[in-house]
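The values are calculated or read from the model by the stated rules, or taken from the named source; none is laboratory data. In this text, all values refer to a predicted model and were calculated from it rather than measured experimentally. Cβ sites come from the backbone with ideal geometry, for glycine too, and all protein chains shown count toward neighbours. Heads up: the accessible areas ignore ligands, DNA and RNA and are worked out on the full protein's heavy atoms, side chains in. Shrake-Rupley method; radii C 1.70, N 1.55, O 1.52, S 1.80 Å.
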Amino acid sequence: MTEAKIVDSHCHLDFPDFDDERPAVIQRALDAGVERMVTICTRLRLEPQVRAIADAHAPVFYAAGTHPMSAADEPLASTDELIALSRHPKFVGIGETGLDYHYTSDSKDIQQQSLRIHIAAARATKLPLIIHARAADDDMAQILTEEYANGAYTCVMHCFSSSASLAKAALDLGFYLSMSGIAAFPKSQELRDIFAAAPIDRILVETDSPYLAPPPHRGKRNEPAYTAYTAKVGAELFDMPYADFAAQTTANFDRLFWKAAA
């Protein structure tokens with residue numbers, strides 16, 4: 001599998017799960033054909049640590065934002081703050097941001113406010129918005145569509161595991177859907193069907209590591225090297241040779257995450 005190059009478009013290399021062996025984790029990713037990875041900062045006060053990881057490792061790029069589950073606990077980001085951060089050469093995306101009503105529905109108002117701030121920053125910087133959506137499909141579709149009418153921006157629905165209707169709303173706006181290990185779980189056929197119905201030029205792959213390891217590592221700590229397992233499932237889903245699926249999703253990544261393009 002290693003001859004075909006792929007990209008882990010979303011991981012969390014700053015998490016303590018990787019503290020003891022971060023360089024080894026990055027090397028294993030490279031050995032598995034994962035030539036680049038985007039590590040995501042979920043609380044802006046931690047941005048310096050995440051930036052330092054990207055600065056220290058050539059294959060690593062980064063993005064930053066306020067995760068919706070932290071929106072009530074963290075200072076509200078400002079568009080100017082996000083724009084200022086985006087000037088770093090390895091800063092390639094805005095987020096992750098979004099809506100999560102599964103665990104944190106009580107903070108939905110502040111989540112929505114935070115999301116709109118991040119959208120404004122994505123619009124201003126021309127960098128892709130990175131969206132986390134859980135149990136909030138209707139509000140998410142409405143806000144993304146409303147804001148797009150106020151001015152175009154680009155976006156990836158990271159770790160997509162929502163409804164076909166949210167997938168359609170995102171794809172209709174020209175956005176991308178990212179496959180995580182969830183798409184490789186045996187019980188995820190309905191989700192695989194949603195991906196299979198999407199245009200192949202709008203698909204990315206990711207790990208969201210350390211979470212959501214795909215089989216055969218399910219239940220263990222995930223890491224960027226395991227992007228290859230999800231990409232293998234994606235190739236089967238689109239009835240493509242692995243190398244062709246890898247090349248297509250990498251081209252998709254380069255188009256969306258233009259600052260990290262090969």
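Annotations for the structure displayed:
- Under-5 Å amide H pairs with residue 92, H placed in peptide plane, nonlocal only: 62, 63
- Shape of segment 1-109, Cα gyration tensor, a/c cut at 1.5: prolate
- In this view, the solvent-accessible surface of residue 211, computed with a 1.4 Å probe and all protein chains in place, comes to about 120 Å².
- Whole-Hz couplings from phi, Karplus 6.51/-1.76/1.60, listed for segment 123-131; x for Gly and Pro: 4, 5, 8, 6, 8, x, 7, 10, 9
- Shown in residue order for segment 66-76 are the 3J(HN,Hα) couplings computed by the Karplus curve 6.51 cos²θ - 1.76 cosθ + 1.60 at θ = phi - 60°: 10, 4, x, 6, 9, 4, 7, 9, 10, x, 5 Hz (x for Gly and Pro).
- Probe 1.4 Å, all protein chains present, accessible-area order of 102, 88, 118, largest first: 102, 88, 118
- Cα pair distances in segment 213-262, grouped into 10 Å bins until the bin that holds the longest one, percent each: 25, 42, 31, 2
- Size of electric dipole in the chain: Cβ of Lys, Arg +1 and of Asp, Glu -1, about Cα centre, debye, nearest 20: 380 debye
- Annotation for residue 145 and residue 81: the two label points, set 7 Å from Cα along the Cα-Cβ direction, are 3.1 nm apart.
- Integer Hz, Karplus 6.51/-1.76/1.60 couplings in order for segment 187-197, x for Gly and Pro: 7, 9, 4, 4, 5, 4, 4, 5, 4, 4, 7
- Paramagnetic reach from residue 109 (point 7 Å along Cα→Cβ, amide N under 14 Å) across segment 41-75: 72
- The three principal axes of the Cα atoms in segment 150-262 give end-to-end lengths of 43, 33, 27 Å, sorted in falling order.
- Expressed as a whole percent, the accessible surface of the chain that belongs to carbon and sulfur atoms is 53, based on a 1.4 Å probe.
- Candidate values (1) 103, 41, 32; (2) 69, 36, 28; (3) 43, 39, 32 were compared with Cα extents along the principal axes in Å computed on the shown model; the agreeing label is (3).
- Normalised per residue, the accessible area of the chain is 40 Å², obtained with a 1.4 Å probe and no contribution from ligands, DNA or RNA.
- C-alpha center-to-center spacing [segment 163-202, segment 86-115] in angstrom: 20 Å
- 10 Å Cβ shell holding at most 10 others, DSSP loop, trypsin sites (Lys or Arg not before Pro): longest site-free stretch of the chain: 88-186
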